[in-house]
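The values are calculated or read from the model by the stated rules, or taken from the named source; none is laboratory data. Because the structure is predicted, anything quoted here is derived from the model rather than measured. Because the Cβ atoms are built from the backbone with ideal geometry, glycine has one as well, and the counts that use them run over all protein chains shown.
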Amino acid sequence: MGCSGCRVRFNFGKVLSKVSVFFTMVLIFTYLFYCLSGLCDSAPRTLYRQQASEYDILDDHRRVLDELRPSPRLLPDAPSHRNRTASADAEQVDAPGQLPQHISDSTKEGAQSIPVSNTFGTKRFPQAIIIGVKKGGTRALLEFLRIHPDVRAVGAEPHFFDRFYDKGLEWYRNLMPRTLDGQITMEKTPSYFVTKEAPSRVCTMNCQTKLIVVVRDPVTRAVSDYTQTLSKNPGLPSFQNLALKNSTTGLIDTTWSAVRIGLYAKHLENWLQHFPLSRFLFVSGERLVSDPAGEMGRVQDFLGLKRVVSDKHFYFNQTKGFPCLKKPEGSSRPRCLGKSKGRPHPQIPSEVLQRLRDFYRPFNHRFYQMSGQDFGWD
């Protein structure tokens with residue numbers, strides 16, 4: 001009997017042990033189920049979109065860490081009072097903005113190289129805009145700026161102030177990435193510089209907006225513009241047929257957009273009716289190639305940012321003929337701009353190029369005077 005009682009107590013103990021393990025496993029699986037069901041969202045999480053570029057992915061990892069450690073830095077000379085329209089630019093927006101319909105899927109992926117979070121940051125109107133010029137180096141400048149942890153930018157061109165203004169400012173703000181205090185929001189649309197209505201529209205949003213214009217020798221820029229169009233439309237007439245009204249007289253056709261964009265002085269006059277010269281920074285497209293770190297230093301100073309982007313971020317790609325971003329730690333390759341950048345230019349008769357240089361010379365000198373910079377194109 002005694003031994004039988006011992007066996008009963010022993011078996012009962014084993015049962016209790018198994019029951020205890022069973023209930024412990026049930027609790028663990030229940031907890032995991034609720035977490036996977038999204039009911040354990042008390043800890044903030046940041047979601048990432050898959051990136052076409054490995055460099056963007058690593059860059060965004062660093063930016064998320066910055067979000068968790070808010071920077072106390074604020075932009076210098078930031079106005080204490082915004083325009084009535086811009087006063088709402090720090091309101092919290094719950095739904096992530098959608099990019100314009102005209103942006104292709106591939107461009108959308110490049111545009112959204114920022115963390116998407118429902119917890120951190122607010123959507124603000126851009127404090128700085130790259131407004132021009134087409135084929136001047138605006139894409140390179142934006143990509144270089146996005147290295148900086150205090151810069152958040154829309155990768156695609158919103159074209160709000162020239163094509164989609166009727167959609168309203170709230171629609172525009174919803175396109176912007178979320179930012180923390182001390183970070184700045186940016187966008188770039190090069191066609192703004194040559195759009196007559198753009199200056200007044202930007203000023204309606206905020207007359208304190210900082211404006212960056214990347215300029216390049218207008219003759220080289222026109223050839224680059226033509227090269228891009230020719231790659232999309234091989235049946236295009238020759239450069240000289242488009243640039244000259246009459247090959248005999250040599251008169252320049254200023255109605256052709258590739259020529260008209262290079263009249264920088266005339267376009268700047270339109271902008272100066274709404275913004276003082278102090279709100280502009282003119283970036284040399286040539287120096288952005290020959291000395292990217294030097295030009296980026298000027299840009300960071302203008303934006304009130306610490307000089308983070310420096311020589312260590314660049315190397316010169318001999319094949320493409322312009323700087324690329326060095327391979328970041330953990331990445332398998334360096335990062336250069338797309339195949340559309342660095343195309344070889346077609347051969348243009350030297351007399352046509354000289355005629356264009358003569359045509360642009362007085363406009364260039366006027367632009368040097370207005371901007372206070374001699375770009376040395378003559």
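Being closer than 16 Å to residue 200 by Cα and outside any helix (DSSP H, G or I) is the filter here, so list the residues in the stretch 133-182 that pass it.
Selection gives 159, 160, 161, 162, 163, 164, 168.
Could you list, ordered by first residue, the pairs with Cβ atoms under 8 Å in which the first is in the stretch 275-290 and in contact (Cβ under 8 Å) with a residue 12 or more places away in the chain and the second is of a type in the set (Lys, Arg) and in a loop (DSSP other than H, G, I, E, B), at least 6 apart or interchain?
Here the result reads 284/216; 285/216; 286/216, each pair linking the stretch 275-290 to a residue that is of a type in the set (Lys, Arg) and in a loop (DSSP other than H, G, I, E, B).
So which pairs qualify, if the first residue must be in the stretch 352-378 and hydroxyl-bearing (Ser, Thr, Tyr) and part of a helix (DSSP H, G or I), the second must be modelled with pLDDT of 95 or more and surrounded by fewer than 16 Cβ atoms within 10 Å (Cβ to Cβ), the Cβ gap must be under 7 Å, and the two must be at least 6 apart or on different chains?
Filtered contacts from the stretch 352-378: 368/374.
Restricting attention to the stretch 265-285, and to residues there that are within 15 Å of residue 373 (Cα to Cα) and over 20 Å from the mean Cα position of the chain (by Cα), which single residue is surrounded by the fewest Cβ atoms within 10 Å (Cβ to Cβ)?
Within the stretch 265-285, the match that is surrounded by the fewest Cβ atoms within 10 Å (Cβ to Cβ) is 278.
Taking the stretch 235-264, which residues are buried (at least 18 other Cβ atoms within 10 Å of the Cβ), touching a residue at least 40 places away in the same chain (Cβ under 8 Å) and part of a helix (DSSP H, G or I)?
Residues satisfying the conditions are 239, 243, 259, 264.
Residue 258 - would you say it is farther than 19 Å from residue 202 by Cα and outside the structural domain of residue 207 (by TED's automatic domain parsing)? Please lay out each step first, then the result.
Numbers: farther than 19 Å from residue 202 by Cα: yes; outside the structural domain of residue 207 (by TED's automatic domain parsing): yes.
So residue 258 fits the description; yes.
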